[in-house]
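Some notes on the structure that comes next.
The values are calculated or read from the model by the stated rules, or taken from the named source; none is laboratory data. Here the structure is a predicted model, which means the values were calculated and not measured. Don't worry about glycine lacking a Cβ; one is built from the backbone with ideal geometry, like all the others, and counts go over all protein chains shown. We work out accessible area using only protein heavy atoms, side chains counted, and drop any ligands, DNA or RNA first. Shrake-Rupley method; radii C 1.70, N 1.55, O 1.52, S 1.80 Å.
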Amino acid sequence: MIAQKMARSWAEIPHVTTFHLVDATQIEALRRELTTQSGVKVTALSVVVRALAEICREHPKLNSSYDTEAGELVLKKACHVGIATDTDQGLVVPVVRDAGDKGIVSLAREIADLVAASRERTATPEQLTGGTITVTNVGSFGSEFGTPIINFPEVAILAIGTIKARALVVEGEIEVRFAVTLSLSFDHRVIDGAEADRAMSALRILLESPFRLGALPRE
């Protein structure tokens with residue numbers, strides 16, 4: 001099923017990918033703080049998923065599907081985030097429903113449970129369908145960035161690269177900080193390059209801001 005959807009996606013959707021380097025200092029600080037406070041392993045993935053859900057409110061085309069037969073864009077009210085998951089049966093995409101209504105710790109728990117269920121082959125059909133946008137963590141395999149294929153009939157997919165220490169220029173000075181490259185593949189029939197980069201810039205600003213990131217729901 002996934003292979004067929006990917007083949008259709010590549011054949012029908014004009015893919016474009018844009019890349020943004022993000023200072024991950026605040027991501028790392030927040031996930032460590034929440035892990036200590038909650039006792040739950042909070043990953044960068046859960047932080048980015050929650051931030052992405054917030055950006056989808058501001059840029060609703062990211063969270064949509066394109067009806068090719070009707071030639072219509074269908075905007076989704078809820079943000080259901082698919083998590084691309086590697087299993088011994090191949091790629092599976094379990095779905096976190098209503099990601100924008102949940103806190104980061106809750107998302108961390110749910111993502112871990114969904115990934116485990118997918119790998120144990122106990123995920124239900126409901127858990128594997130209904131996504132509105134997908135996230136893939138290519139950094140878990142050491143990749144710097146990716147050019148992911150859109151999960152048809154969605155219009156966007158976000159790849160998270162590996163988070164590692166890099167030399168960044170901060171206020172004119174070179175500092176060693178954690179950084180990550182985020183890659184957004186999008187359907188160019190629906191989203192043009194300027195709109196995609198505005199959305200990615202908004203995501204980068206949110207993830208780099210200690211105040212805005214810290215203000216996201218935690219529990």
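Remark on THR181: its backbone amide H falls under 5 Å from those of VAL22, GLY161, THR162, a criterion applied only to residues 5 or more positions apart or on other chains, H modelled at 1.01 Å from N. Per residue, the accessible area of the stretch 46-112 comes to 42 Å² when a 1.4 Å probe rolls over the protein heavy atoms. Near LEU213: Cβ cut-off under 12 Å, other residues only, Lys/Arg at +1 and Asp/Glu at -1. The net charge is 0.
Ordering 20-32, 42-54, 127-139 by mean Cβ neighbour count within 10 Å, with the highest value first, yields 42-54, 127-139, 20-32. Measuring against 27 Å, Cα to Cα, the residue pairs LYS61/LYS164; LYS76/LYS102; LYS76/LYS164; LYS41/LYS164; LYS77/LYS102; LYS41/LYS61 contain LYS61/LYS164; LYS76/LYS164; LYS41/LYS61 as the ones spanning a longer distance. Over the chain, what is the relative contact order in whole percent, taking alpha-carbon pairs under 8 Å and six or more residues apart? Reported as a whole number, the value is 30 percent.
Quick one: if the Förster radius is 22 Å, what FRET efficiency do ARG57 and GLN37 give, using the C-beta to C-beta distance and rounding to 0.05?
0.25
Size descriptors for the stretch 1-124, from the alpha-carbon set: Rg then Dmax equal 16.3, 50 Å. A protection proxy built from the mean count of other Cβ atoms within 10 Å ranks the segments 188-194, 66-72, most packed first, as 188-194, 66-72.
Electrostatic bookkeeping for LEU168 treats Lys and Arg as +1 and Asp and Glu as -1; over the other residues with beta carbon under 12 Å from its beta carbon, the sum is -2. The candidates ILE160, ILE149, arranged from most to least accessible area with a 1.4 Å probe in the full protein assembly, appear as ILE149, ILE160. Across the stretch 106-115, rounded Karplus estimates of 3J(HN,Hα) from the backbone phi angles (6.51 cos²θ - 1.76 cosθ + 1.60, θ = phi - 60°) give 4, 5, 4, 5, 5, 4, 4, 5, 5, 5 Hz, Gly and Pro being marked x. Distances over 16 Å make up what percent of all Cα-Cα pairs in the stretch 32-84? So the pairs more than 16 Å apart make up 55 percent of the total in the stretch 32-84. Set against the 2.2 N^0.38 Å expectation for a compact globular protein, the stretch 15-55 has a Cα radius of gyration ratio of 1.37.
When you count, for each residue, the other Cβ atoms within 10 Å and take the mean per peptide, how do 95-102, 141-148, 4-11 rank with the highest first?
95-102, 141-148, 4-11
Return the FRET efficiency for the residue pair GLU219, VAL176: r is the Cβ-Cβ distance, R0 is 35 Å, and the value is rounded to the nearest 0.05. E between GLU219 and VAL176, to the nearest 0.05, is 0.65. A cut-off of 5 Å between modelled amide H atoms, ignoring neighbours fewer than 5 places along the same chain, links GLY82 with VAL96, THR132, ILE133, THR134, VAL135. Modelled this way, with points 7 Å down the Cα-to-C-beta line, the labels at ALA70 and ILE205 are 3.3 nm from one another. Computed from phi, the 3J(HN,Hα) profile of the stretch 151-160 under the Karplus parametrisation 6.51, -1.76, 1.60 (θ = phi - 60°) reads 7, 3, x, 5, 10, 8, 9, 10, 9, 9 Hz, with x in place of Gly and Pro. Sites listed here are GluC sites (Glu not before Pro) in the stretch 153-207 whose DSSP assignment is loop and whose Cβ has at most 13 other Cβ atoms within 10 Å: GLU171. Once you reduce the stretch 178-219 and the stretch 128-163 to the center of their Cα atoms, the two points are 13 Å from each other. Within a Cβ distance under 10 Å of ALA99, other residues only, what is the Lys/Arg minus Asp/Glu net charge? Computed value for this residue: -1. Using the Cβ-Cβ distance between ALA116 and ARG166 with R0 = 30 Å, the FRET efficiency computed as 1/(1 + (r/R0)^6) comes to roughly 0.40.
Rounded to the nearest whole Hz, the Karplus-based 3J(HN,Hα) values (6.51 cos²θ - 1.76 cosθ + 1.60, θ = phi - 60°) of the stretch 56-64 follow the sequence 5, 5, 7, 10, x, 5, 4, 9, 8, with x at glycine and proline. Volume per residue of the convex hull around the Cα atoms, evaluated for the stretch 74-152, comes out as 113 Å³.
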